[in-house]
2 protein chains.
Amino acid sequence: MKVVVADNCGFCPGVKNAINMAEQILGEKNDVYSLGPIIHNKDVVDRLASSGLKTVSDINEIESGTVLIRSHGAAPEQIEVLEQKGLAIVDATCVLVKRVQKIAESLQNEGYRVVVIGDKNHPEVEAVVGCAKDVVVIAGRKDLHLLAGSTKLGVICQTTQSPEYFNEMLSEIVKADFSELKIINTLCKEAINRQKAAVELCKKVDIMFVLGGLESANTRKLAELCKQYNNQTFHLQNWGECDTNTFFDKKAVGVTAGASTPEWIITEFVENLKSFKQRK
Amino acid sequence: MKVVVADNCGFCPGVKNAINMAEQILGEKNDVYSLGPIIHNKDVVDRLASSGLKTVSDINEIESGTVLIRSHGAAPEQIEVLEQKGLAIVDATCVLVKRVQKIAESLQNEGYRVVVIGDKNHPEVEAVVGCAKDVVVIAGRKDLHLLAGSTKLGVICQTTQSPEYFNEMLSEIVKADFSELKIINTLCKEAINRQKAAVELCKKVDIMFVLGGLESANTRKLAELCKQYNNQTFHLQNWGECDTNTFFDKKAVGVTAGASTPEWIITEFVENLKSFKQRK
């Protein structure tokens, strides 16, 4: 059995930075909180928790100490509450996500109704939505009716969506009865390269594994894209979730991983795959 | 035979204004020139010619006197040459066309590559193109490759195109690999209402006549749209071009006219249609 790992796979700079910041603060301070999981990977979050990072879902759970803003960012309103509480804030928001937030603010200030193409329940999108007052999330064709009556639309996109999906939604949005439409491409190039490499690989193998958190938007998008070209695509968190029957009769196996999947999860998975081959 | 005339048909405010200005100047001055036909209607141009308006295609043909800038506008470079020649200039450019020119300039100044959706040989488009340095005309899908390598695109449209065509081209343009895309809807609302009324009418009649200059972009667009819903659609300049055999056996006849078609052409056509019925 041949095992091939996709190019551009594993931690992206934004995730690396968030983890580095967490580790540094945990080495310096007590009472360090993360408002929601710092990245969408359970294994990493568990490891940081054992080093002392307390992940909370509600600001009210934090009374004192340091709050780490996770890679997906936080809405200005949330930051304000943290400041009012007198908490120390360490911002680990990905620079590209920060850019989307600033663009949302600018579009709002320029008089545009802000349109975010993305998943409205994803923390990145929730934070971006919090940066503008007049804002609409388009999570699919079913939401397009929300654009009716808008004249100036300023469109941005969740960083981890695919160019194909971005284009598909834009092709629909341009049909709105607008006077002015400003579209800023806020897709993450790193994520696009990862998607391209994964799609290329999945076409050449008998079975494709996409490793990463189940909540991770970029991992889910990778799995969704690979599934289009190889229906033997499986999204798993780690080797522990792998059913070896799935690749028992396969000759070539592909592996890719989301931006928040640590190297050791990928290495463990690949080594187990290879040793499985030896056992055959 | 029932004859129905479409709502919103005949002269638009821009054309009315250009003709009024021409008549006024001809009443006040000698040596009045128009750089290209003042509007795209031969009957009107002939009538103004008999009142003294000299239509020329080349600036070099004008030595002295007054130059009327036609409803479709002129490029800044042309205006400059006229000024250098010391000629008096009277600007009859349609206000909506003037707006497109100003938007092209603004987009250029904001760092966008200007994209004009329209017919590159039409004088309106030629004048708009003259307002920007880095500019591309998209006359159809075949021209989309010209957008390759552009990062900031500023898109506008020839005023007389239809919303359907504008949307069709935008759906393709959004697939370009851009970082920023600003689209300003520069379609003429008057032309859109005219198109809607014509399409509505052509569906209800056995035969549809679209009256107007053969060079007139808005008339051609009307005929093109009606043809999609009624293949018995004929684009004629006036009653003189009408072959009465075409409607000999028809029960309901529809008539519409472009923005540069004078009332008397429509009236003459409709009255001839009605009197033909009486002769039967």
Report summary line: Here the qualifying pairs (Cβ atoms under 7 Å; residues six or more apart or on different chains; first in the stretch A:95-110 and surrounded by 15 or more Cβ atoms within 10 Å (Cβ to Cβ); second in a helix (DSSP H, G or I)) come out as A:Leu96/A:Gly14; A:Val97/A:Glu124; A:Val100/A:Val128; A:Gln101/A:Ala127; A:Gln101/A:Val128; A:Ala104/A:Val128
Query raised in the report: Is one or more of the residues making up the stretch A:15-36 of a type in the set (Lys, Arg) and open to solvent by less than 70 Å² (accessible area, probe 1.4 Å)?
Result: no
Query raised in the report: Taking the stretch B:234-258 on its own, how many of its residues are open to solvent by 10 Å² or more (accessible area, probe 1.4 Å) and either without any contact (Cβ under 8 Å) to a residue 60 or more places away in the chain or under 13 Å from B:Leu211 (Cα atoms) (or both)?
Result: 15
Report summary line: Of (1) farther than 16 Å from B:Ala132 by Cβ; (2) in a loop (DSSP other than H, G, I, E, B); (3) touching a Leu at 6+ places or on another chain (Cβ under 7 Å), B:Thr93 satisfies every one except (3)
Query raised in the report: Can you tell me which residues in the stretch A:52-84 are in a loop (DSSP other than H, G, I, E, B) and in contact with a helix residue (DSSP H, G or I) (Cβ under 9 Å, 6 or more places away or on another chain)?
Result: A:Gly52, A:Leu53, A:Ile62, A:Arg70, A:Ser71, A:His72, A:Gly73, A:Ala74, A:Ala75
Query raised in the report: Could you say whether any residue in the stretch B:152-166 is of a type in the set (Asp, Glu) and at pLDDT 95 or above?
Result: no
Query raised in the report: Among B:Asp43, B:Asp119, which is the only one that is under 21 Å from the mean Cα position of the chain (by Cα), assigned to a loop (DSSP other than H, G, I, E, B) and surrounded by 14 or more Cβ atoms within 10 Å (Cβ to Cβ)?
Result: B:Asp119
Report summary line: Turns out the helices (runs of 4 or more DSSP H) fully within the stretch B:141-244 with at least 3 residues that are more than 10 Å from chain A (Cβ to nearest Cβ) are B:189-202, B:217-229
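The values are calculated or read from the model by the stated rules, or taken from the named source; none is laboratory data. Keep in mind that this is a model prediction, so the values were computed, not measured. Don't worry about glycine lacking a Cβ; one is built from the backbone with ideal geometry, like all the others, and counts go over all protein chains shown. These area figures cover heavy atoms from the full protein model, side chains too; ligands, DNA and RNA do not enter into them. Shrake-Rupley method; radii C 1.70, N 1.55, O 1.52, S 1.80 Å.
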